[in-house]
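In what follows, a single structure is set out as structure tokens and then discussed.
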Amino acid sequence: MSSRQKHLRDSGTALFLAVVVICVFAPRAAAECHTERQGNLAADLKLRLKPYVNVREKAKSKLPALKETEDPTTLLGRQQALANSIRAARRDARQGDIFGGPIADCLAPLIRRGLSSNAAKQTTKEGNPANEGPGTKVAVNAPYSAEAPLSTMPHSLLTELPVLPEGLEYRFIGKTLILYDSDASLIVDFIPDAGA
């Protein structure tokens, strides 16, 4: 056997072993996230959210105190001022800053489990801006259109996902799971193709 043939045989064997390792251990890695990392998910997400929450609280502290009012223009102006201040403070924010890496990997099986029933999948379509009314552009720091409805979140999904700080919500736009700041009407982060 020539050295070239031996090299090709060894390369083929190495490739075969790499495929076996990926096929055998990749599903295990996802399972490890679900069992071992899952306990840390809430703490990890809280840690990733902390800088955003700090920016948000600092921006809120600069706004005049909210008084009881029925004037929607005043409320909308405050909301826009809060969103603008948050955007300015995190102008370099990118998709995945909060929901990226291991967080997204660990959220994926929870989302699948929370949306495992047809009823839950159907619920996410209720009020979903991709299905009803005007759309909202999915981007970090993008405003959530005041005319757009908010998707209904099934209880089965919300019980699976980590609890968020007050004023932050999970919502869907189409199949994209967004982290929505309800006080600033702002998209904080998102996971594409997360829904049913």
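The values are calculated or read from the model by the stated rules, or taken from the named source; none is laboratory data. These figures come from a predicted structure and were not determined experimentally. Don't worry about glycine lacking a Cβ; one is built from the backbone with ideal geometry, like all the others, and counts go over all protein chains shown. When the accessible area is computed, the model is the full protein with side chains, heavy atoms only, and any ligands, DNA or RNA have been set aside. Shrake-Rupley method; radii C 1.70, N 1.55, O 1.52, S 1.80 Å.
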Residue hits (segment 109-124; in contact (Cβ under 8 Å) with a residue 12 or more places away in the chain and surrounded by fewer than 17 Cβ atoms within 10 Å (Cβ to Cβ)) are Pro109, Arg113, Ser116, Ser117, Ala119, Lys121
Picking from Leu66, Leu8, the residue that is in contact with a Leu (Cβ under 9 Å, 6 or more places away or on another chain), at pLDDT below 80 and surrounded by fewer than 15 Cβ atoms within 10 Å (Cβ to Cβ) would be Leu66
Reported set for segment 125-150 where residues are open to solvent by 10 Å² or more (accessible area, probe 1.4 Å) and of a type in the set (S, T, N, Q) is Asn131, Thr136, Asn141, Ser145
Taking the conditions exactly as written (open to solvent by 40 Å² or more (accessible area, probe 1.4 Å), in contact (Cβ under 8 Å) with a residue 24 or more places away in the chain and touching a Phe, Trp or Tyr at 6+ places or on another chain (Cβ under 9 Å)), does Asp105 satisfy them or not?
no
Of the residues in segment 50-59, those that are open to solvent by 60 Å² or more (accessible area, probe 1.4 Å) and either basic (Lys, Arg) or over 16 Å from Arg78 (Cβ atoms) (or both) come to Lys50, Pro51, Asn54, Lys58
Check: of a type outside the set (A, V, I, L, M) and in contact with a helix residue (DSSP H, G or I) (Cβ under 9 Å, 6 or more places away or on another chain): does that describe Gly96?
Finding: yes
Of (1) out of contact with any Gly (no Cβ under 6 Å at 6 or more places or on another chain); (2) open to solvent by 50 Å² or more (accessible area, probe 1.4 Å); (3) modelled with pLDDT under 95, Lys175 fails just (1)
Of the residues in segment 89-104 that are touching a Gly at 6+ places or on another chain (Cβ under 9 Å) and assigned to a helix (DSSP H, G or I), the one that is nearest to Ser61 (Cα to Cα) is Ile103
